[in-house]
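Asker: Structure below; questions to follow.
The values are calculated or read from the model by the stated rules, or taken from the named source; none is laboratory data. Bear in mind that the values here come from a model prediction, so they are computed numbers and not experimental data. Neighbour counts run over all protein chains shown; Cβ positions are idealised from the backbone, glycine included. Please note that ligands, DNA and RNA were not included when accessible areas were found on the heavy atoms of the full protein model with its side chains. Shrake-Rupley method; radii C 1.70, N 1.55, O 1.52, S 1.80 Å.
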Amino acid sequence: MLFIEWFRRYQNVVVPTALLLASFITLSMNSSRNKKVSFFSRSIISAMGWCQESVTGMQNGVGDRFSKYVFLIGIEDENKRLKRELEEARRKNYRLREQAIENERLRRMLNFKPREDIKSWIPAEVIARNMGGLNKTITIDKGSRDGVRPRMAVITYDSALVGQILDETGSGIGLGSSQVLLIIDRRSRVGVIDQRESSRAWGVVAGRPETDEAEWLYTNQQDDLKVGDLLISSGAGGVFLKGWPVGRVMDVTLDEATFRRKIRVKPVVDFSRLEEVMVIIPRQEAP
């Protein structure tokens, strides 16, 4: 009874195995008795050959798939490596480009040719900006230990006027840094001259609140000012030497309430992109 249950349970395995063994036995007996191979033996051999080919084909297929998998993994790793190398090359290129730009700016600063009324200058880097609200200042990385003193003029390497060293309680000059009052600050006053030979009008330029512009103060009808005229420092007041570019006339309009002209001035310096400046030591104030 137990054998019958076992046979029923495993008949799908037992029957093929028994037939296969019987075939092998018959094949062996026929081979030993007669060199001529019977039809039955040839069929068994063919069936076994087919099975072997199938197994070999499966092995080759698995082997091919495994080789392709390994190949794809290798390509993916190589792709990741090339991406890392490309990203590193880009970062290096950015650093080199930035160094080239900085070196060019420093070269132009070193090639600055001072006028006879300039004793020396202190190169400085802009480390902070305060461009919001009414006050417009920048902070540079030079202070009292570097020779910076109150009300010294600050210009760019191409002599455009930036402003002056701020001298106020609670701010201004530290040991290693100092604040610069920009010409677009509402507290700033710069004496200017219209450089155009047919004009040569004199005036004062001050910052316009909550803008990055300046305006010509105290105008009169006789002032010959035109859009595009370059205004340079007049030297009046003793802080700024004469001849530094300040700004260009943007527009000239008439105030209908006061019947006075309003003249807006666009500074030569782009303060939002300013990175290096020079603090000027006039000859008469040199230590």
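Asker: Which of the pairs K119/K142; K136/K262; K92/K266; K119/K262; K242/K262; K142/K242 have their Cα atoms more than 29 Å apart in this structure?
Answerer: Values: K119/K142 18 Å; K136/K262 22 Å; K92/K266 37 Å; K119/K262 38 Å; K242/K262 24 Å; K142/K242 24 Å.
Flagged as over cut-off: K92/K266; K119/K262.
Asker: Another question, then. Heavy atoms of the protein only, probe of 1.4 Å, neighbouring chains included. What is the accessible area of I183 in Å², nearest 10?
Answerer: 0
Asker: To the nearest 10 Å², what's R90's accessible area with a 1.4 Å probe?
Answerer: Accessible surface of R90 is approximately 120 Å².
Asker: Take each of the peptides 192-202, 241-251, 124-134, average the number of other beta-carbon atoms within 10 Å over its residues, and list them starting from the highest.
Answerer: Highest mean packing first, the order is 241-251, 192-202, 124-134.
Asker: For S144 and E197, calculate 0.36 nm times their separation in residues minus their Cα-Cα distance, and state this gained length in nm to one decimal.
Answerer: 15.0 nm
Asker: Would segment 128-189 count as rounded, prolate or oblate if I go by the C-alpha gyration tensor, calling it rounded below 1.5 in a/c and otherwise prolate when a/b exceeds b/c, oblate otherwise? Don't jump to the answer; show the numbers that get you there.
Answerer: Working: a/c = 1.67, a/b = 1.19, b/c = 1.41.
Since a/c reaches 1.5 but b/c is at least a/b, the shape of segment 128-189 is classed as oblate.
Asker: Would you pull out the residues with amide H under 5 Å of R208's amide H, same chain only if 5 or more places away, H placed 1.01 Å from N?
Answerer: The answer is E213, A214, E215.
Asker: Calculate the spin-label point distance for K119 paired with R90, positioning each point 7 Å from the Cα along the beta-carbon direction, and give it in nanometres.
Answerer: With each label placed 7 Å out from Cα toward Cβ, I get 5.2 nm.
Asker: Mind giving me the nanometre distance, one decimal, between the label points for N220 and R208, set 7 Å out from Cα along Cα→Cβ?
Answerer: Distance between label points: 2.4 nm.
Asker: Label point 7 Å out from R248 along Cα-to-Cβ: which residues of segment 153-194 have amide N under 20 Å?
Answerer: 156-163, 183-184, 192-194
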